[in-house]
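Inspection log for the structure reproduced underneath, given as structure tokens.
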Amino acid sequence: MSKIVVTGGLGFIGSHTVVELQNQGFEVVVIDNLSNSSIDVLEGIERITGKKTIYSGIDLREKKAVQAFFKEHNDIAGVIHFAASKAVGESVKNPLLYYENNLGALVYILQELEKKKEAHFIFSSSCTVYGQAEVMPIAETTPIQPALSPYGNTKQIGEEIIADVVKVSDLNAILLRYFNPIGSHPSAEIGELPIGVPQNLVPFITQAGVGLRAELSVYGNDYPTPDGTCIRDYIHVVDLAKAHVIALKRLLNRENADPLEIFNLGTGKGSSVLEVITSFEKGSGQKLPYKIVARREGDVTEAYANTDKANTILGWKTVSTLDEAIASAWKWEQKIRGN
Ligand code: WQD
């Protein structure tokens with residue numbers, strides 16, 4: 001079966017995608033410099049799939065290392081590129097770290113792929129490129145707004161770089177714009193491993209649930225939404241991972257209509273912060289300590305996906321509910337804290 005490179009393959013979404021690729025019989029080579037993950041994830045993947053993963057710890061910011069890697073692995077059928085820094089707040093404080101890591105690495109990988117007679121590339125993008133969209137649900141045709149952070153800008157620029165390369169090479173690419181990935185593999189062998197204080201809602205909630213955090217700060221309840229808190233489209237990470245395998249097969253089987261395709265990946269349903277809290281309390285059977293504080297700079301009021309294109313063209317749709325996704329995140333948190 002085809003050999004696939006997964007950059008950032010020991011990260012949250014990357015590791016879940018490696019599992020789904022191996023379940024489908026693909027040979028997987030993971031590149032991960034462990035800047036935001038742990039080598040232990042390799043064993044977690046193997047415990048689920050029973051398969052070994054070829055691992056490379058190269059740093060994708062090192063051009064020569066990337067060239068050597070692609071020289072060694074010259075039989076690669078496709079690349080799924082997750083490796084990137086993704087903390088919005090950190091990107092504001094340290095923009096060059098984000099431009100070097102998220103764009104430098106992308107350029108070096110694409111320079112290797114454009115040399116190949118045929119190359120297939122899946123890019124991890126984000127709904128953040130839409131900013132605060134005027135109309136809900138958000139479709140792929142929704143206008144791209146000026147980025148609110150260097151992180152968001154690297155996703156927008158990354159998409160533009162790929163579009164330019166596709167025009168002058170044999171590269172086929174699919175951009176996947178994720179909404180809010182949450183949850184963990186049902187086996188609880190892999191899951192989200194945020195470093196330091198979680199910036200994202202769900203890992204903060206589960207850490208508060210095990211007592212690692214005193215209470216959740218809800219960033220504002222004065223938004224123009226039914227309960228005043230922001231609305232997002234929380235998608236189970238396994239549903240998201242499965243979409244990557246479907247998109248990859250679409251390229252490998254040359255079913256893509258254009259050399260560059262874009263898909264929004266979400267549930268199509270919006271949930272507020274308070275609804276997520278309620279889901280956690282219902283599933284865990286415990287109250288979540290939280291307080292309402294000021295809005296967080298850069299937060300959009302509402303963002304949830306129009307999934308028609310992914311549903312009809314990819315033939316993919318989410319199967320997990322918010323409650324199931326939150327329950328899987330809670331099961332994982334309890335396991336890693338030895339509860
Ligand atoms: C969700 C909601 C917060 C934490 C970001 C990136 C996106 C993707 C996912 C990488 C918001 C509220 C959060 C907390 C809170 N990142 N919240 N208290 O900001 O929608 O998306 O992460 O791929 O690209 O933009 O996700 O989980 O940070 O926030 O009230 O302690 O929860 O205000 O309304 P976000 P999030």
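Below is a table of values for the structure above.
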item: Criterion: within 11 Å of the ligand (Cβ to nearest atom) and under 16 Å from the mean Cα position of the chain (by Cα) - qualifying residue of 235, 277; result: 235
item: Any hit, the stretch 250-261, residues being touching a Lys or Arg at 6+ places or on another chain (Cβ under 6 Å), crowded, with 17+ Cβ neighbours inside 10 Å and not acidic (Asp, Glu); result: yes
item: Any pair with Cβ under 8 angstrom, 6 or more apart, that starts in the stretch 200-212 at a residue that is within 16 Å of residue 230 (Cα to Cα) and ends at one that is among the aromatic types (Phe, Trp, Tyr) and more than 8 Å from the ligand (Cβ to nearest atom); result: 202/234; 205/280
item: Selected residue (criterion: nearest to residue 336 (Cα to Cα)) from residues of the stretch 204-217 that are out of contact with any helix residue (DSSP H, G or I) (no Cβ under 6 Å at 6 or more places or on another chain) and near the ligand (Cβ under 8 Å from one of its atoms); result: 204
item: Residue count, the stretch 221-254 (criterion: of a type in the set (Lys, Arg) and in a helix (DSSP H, G or I)); result: 3
item: Single unsatisfied condition, residue 217 versus (1) crowded, with 20+ Cβ neighbours inside 10 Å; (2) in a strand (DSSP E or B); result: (1)
item: Which listed residue is near the ligand (Cβ under 8 Å from one of its atoms) and on the phi > 0 side of the Ramachandran plot, from 196, 183, 220; result: 220
item: Which numbered condition residue 65 fails, given (1) without any contact (Cβ under 8 Å) to a residue 60 or more places away in the chain; (2) closer than 30 Å to residue 306 by Cα; (3) among the small types (Gly, Ala, Ser); result: (2)
item: Out of 162, 182, 174, sole residue that is within 29 Å of residue 63 (Cα to Cα) and either of a type in the set (Lys, Arg) or within 15 Å of the chain's Cα centre (by Cα) (or both); result: 174
item: Tally, over the stretch 131-143, of residues that are closer than 20 Å to residue 261 by Cβ and surrounded by fewer than 14 Cβ atoms within 10 Å (Cβ to Cβ); result: 2
item: Cβ-Cβ under 6 Å pairs, at least 6 apart or on other chains, the stretch 220-234 side at pLDDT 95 or above, far side within 8 Å of the ligand (Cβ to nearest atom) and among the basic types (Lys, Arg); result: 220/295
item: Residues satisfying the stated conditions in the stretch 16-40, i.e. in contact (Cβ under 8 Å) with a residue 40 or more places away in the chain and farther than 26 Å from residue 67 by Cβ; result: 16, 19, 20, 24, 38
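Okay, residues lined up against (1) within 16 Å of residue 172 (Cβ to Cβ); (2) modelled with pLDDT of 95 or more; (3) within 16 Å of the ligand (Cβ to nearest atom):
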site: 69; (1), (2), (3): no, yes, no
site: 72; (1), (2), (3): no, yes, no
site: 81; (1), (2), (3): yes, yes, yes
site: 84; (1), (2), (3): no, yes, yes
site: 119; (1), (2), (3): yes, no, no
site: 122; (1), (2), (3): yes, yes, yes
site: 142; (1), (2), (3): no, yes, yes
site: 147; (1), (2), (3): no, no, yes
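The values are calculated or read from the model by the stated rules, or taken from the named source; none is laboratory data. In this text the structure is predicted, and so the values were computed from the model without any measurement. Methodologically, a virtual Cβ is constructed for each residue, glycine included, from the backbone with ideal geometry; neighbour enumeration extends over all protein chains shown.
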